[in-house]
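Chemist: The structure under discussion is supplied below as structure tokens; questions concerning it will follow.
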Amino acid sequence: MELENNILTLSRKLLVNVDTAHRRFQHSKEEGVRGDFHSEVKPFADEVKIAADAWRESAANWVRTNRPKNLHANQIETAADYLEVISVQAFFPETSKKRFLDQVQSVEFILNSMIIAIEQAAGQPGK
């Protein structure tokens, strides 16, 4: 259960990071201002990368072992890759809005699906 708790914690943290990136993206688009690389972009992207890498490994192992019905290891890889991309692109007003929002939606779906799959496997839906 320790692995599952770790994945749940990381999944929820990454959902917060996605929300932060989304809000930052909206600010960049509205104001037309790029984030400062050293004081904003790099620290946020580094934080997301550390969490995404840990999540990628744990979640992929869990998916391969437990084989949830609607979740596959390649989705975990895609979500982790998108997390890294949106954590940087959020700070640039020239980022494609459609692509950014599509990636955010995809990551949120996969993170939420992971949380649901673990909770169902543990017999505690909706927690």
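Chemist: What pairs come up if the first residue lies in the range 97-117 and is more than 21 Å from S28 (Cα to Cα), the second is exposed (fewer than 13 other Cβ atoms within 10 Å of the Cβ) and polar (S, T, N, Q), and their beta carbons are under 7 Å apart, counting only those six or more places apart or on different chains?
Modeler: S113/N70
Chemist: Condition first: among the hydroxyl-bearing types (S, T, Y) and under 16 Å from R12 (Cβ atoms). Now tell me which residues in the range 51-79 satisfy that.
Modeler: Across the range 51-79, the qualifying residue is only S58.
Chemist: Something else: What is the residue count in the range 48-96 for residues that are outside any helix (DSSP H, G or I), polar (S, T, N, Q) and in contact (Cβ under 8 Å) with a residue 40 or more places away in the chain?
Modeler: Looking only at that region, the number is 2.
Chemist: On to the next question. Within the group E119, E30, which residue is in contact with a Lys or Arg (Cβ under 7 Å, 6 or more places away or on another chain) and of a type outside the set (S, T, Y)?
Modeler: From the options E119, E30, the qualifying one is E119.
Chemist: Just for the range 21-61: of the residues that are surrounded by 19 or more Cβ atoms within 10 Å (Cβ to Cβ) and of a type in the set (V, I, T), which one is nearest to L3 (Cα to Cα)?
Modeler: Out of the qualifying residues, it is V48.
Chemist: Restrict the check to the range 63-71 and report whether at least one residue is among the aliphatic types (A, V, I, L, M), under 23 Å from Q120 (Cα atoms) and in contact with a helix residue (DSSP H, G or I) (Cβ under 6 Å, 6 or more places away or on another chain).
Modeler: Yes: the range 63-71 contains one or more residues that are among the aliphatic types (A, V, I, L, M), under 23 Å from Q120 (Cα atoms) and in contact with a helix residue (DSSP H, G or I) (Cβ under 6 Å, 6 or more places away or on another chain).
Chemist: Please specify each residue of the range 1-38 satisfying the condition of being aliphatic (A, V, I, L, M), touching a residue at least 12 places away in the same chain (Cβ under 8 Å) and within 14 Å of E108 (Cβ to Cβ).
Modeler: L14, L15, V18, A21
Chemist: Which of the residues spanning the range 3-54 are under 23 Å from Q75 (Cβ atoms) and among the acidic types (D, E)?
Modeler: E4, D19, E47, D53
Chemist: Kindly establish whether E84 is farther than 18 Å from I115 by Cβ and either surrounded by fewer than 15 Cβ atoms within 10 Å (Cβ to Cβ) or polar (S, T, N, Q) (or both).
Modeler: No: the conditions fail for E84.
None of the figures in this text is laboratory data; all of them are computed from the coordinates on show. Remember, predicted model here, so these are calculated numbers, not experimental data. Glycine also receives a Cβ, built like all others from the backbone with ideal geometry; neighbour counts cover every protein chain displayed.
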